[in-house]
Amino acid sequence: MTQFDGELSPPFEINEPSAWRAPIIFNSPHSGTVYPAEFLSASRIDIASLRRSEDSFMDDLIGGLANRGFPVVRVHFPRSYVDVNREPYELDPRMFTGRLPSFANTRSMRVAGGLGTIPRVVGDGQEIYRERLNVDDALTRIESLYKPYHRALRRLINKAYQTFGTAILVDCHSMPSIGIAREEPRRPDVVIGDRYGTSCAGLLTDVVEDTYRRLGYSIGRNKPYAGGFITEHYGNPASGLHAVQIELNRSIYMDERKRERTARFDQIADDFTVLADALIDIPLRLLGPFQTAAE
């Protein structure tokens, strides 16, 4: 047993309907709020600062979809503790005592920015830890939290694919209304990420955009967020596997400073239902898998 088993039991949950309406899975990987005691004691910043990295309330915004026939995945541990939207071993050697495994990716842009699998900083750039971590502690987090989550998500995607012949993963996130760079303009209400057209069929991205525009939202695509590891890793549209990332501007559903829901919260949640129903209307035959010209 690890020292956080009791606190993070379970580390994530999958609310799966008894009958699926469609091969559409809604995922919230960054809204976890259970902070292990040993993590808090090792941190040089307080929990309010750590929580700035959360996709606050995103799991609640999509939670009701499970009652409408769509599986919903929600992670309970915070992304500042383990970030499942990274490669399994994106690790910064400067953070640890001991030798990292030879297969660790120590040179990615995300590691350089302090936002690897075990983050060094929170979203606004504050350093998390007082001292270096033991590398074995980091590897234990990956084995006990990261890998079981991805195994479960992969099983769910495979179930959708085996049942329907295709699968759609909607990866749900939230973003601060204003970026760190002063020159960046105010962000739109919704940013849709499809890895610049590579993680899902263009038709799917168009439906997401058209649905939110019809509901009165301002829209961006792929900037400043094109999708992370989850979108890239699970999206393979030629094989009938589609992954699209949705980033909601936090200011449209919460008070960012107080971290409290606002009056629009319920409407934003209802609009996820509208989106799910719009995605159902896409004919499955248009989502693959597709034969190549050579075949």
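The values are calculated or read from the model by the stated rules, or taken from the named source; none is laboratory data. Note that the structure is a prediction, hence the values are computed from the model and not measured. Glycine gets a Cβ as well: all are built from the backbone with ideal geometry, and neighbour counts include every protein chain shown.
For the stretch 23-46, how many residues meet the condition of being surrounded by fewer than 19 Cβ atoms within 10 Å (Cβ to Cβ) and either closer than 26 Å to residue 287 by Cβ or out of contact with any strand residue (DSSP E or B) (no Cβ under 8 Å at 6 or more places or on another chain) (or both)? Of the residues in the stretch 23-46, 7 are surrounded by fewer than 19 Cβ atoms within 10 Å (Cβ to Cβ) and either closer than 26 Å to residue 287 by Cβ or out of contact with any strand residue (DSSP E or B) (no Cβ under 8 Å at 6 or more places or on another chain) (or both). Figure legend. Inter-residue proximity from the stretch 257-286: first residues within 30 Å of residue 47 (Cα to Cα), second residues among the basic types (Lys, Arg) and not in a loop (DSSP other than H, G, I, E, B), beta-carbon distance below 8 Å, spacing 6+ or different chains. Indicated pairs: 259/51.
One residue alone among 197, 216, 202 is over 19 Å from the mean Cα position of the chain (by Cα), closer than 18 Å to residue 242 by Cβ and surrounded by fewer than 17 Cβ atoms within 10 Å (Cβ to Cβ), and that residue is 202.
Residue-wise test of (1) among the hydrophobic types (A, V, I, L, M, F, W, C); (2) in contact (Cβ under 8 Å) with a residue 24 or more places away in the chain.
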site: 31; (1), (2): no, yes
site: 39; (1), (2): yes, yes
site: 46; (1), (2): no, no
site: 60; (1), (2): no, yes
site: 66; (1), (2): yes, yes
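Considered as a group, the residues in the stretch 7-21 that are of a type in the set (A, V, I, L, M) and surrounded by 13 or more Cβ atoms within 10 Å (Cβ to Cβ) include one that is farthest from residue 73 (Cα to Cα), and that residue is 8. Residues in the stretch 150-165: is at least one without any contact (Cβ under 8 Å) to a residue 24 or more places away in the chain, surrounded by 14 or more Cβ atoms within 10 Å (Cβ to Cβ) and in a loop (DSSP other than H, G, I, E, B)? The answer is no; no qualifying residue exists. Set side by side, the residues 75, 111 differ, and just one is surrounded by 23 or more Cβ atoms within 10 Å (Cβ to Cβ), modelled with pLDDT of 95 or more and over 24 Å from residue 37 (Cα atoms), which is 111.
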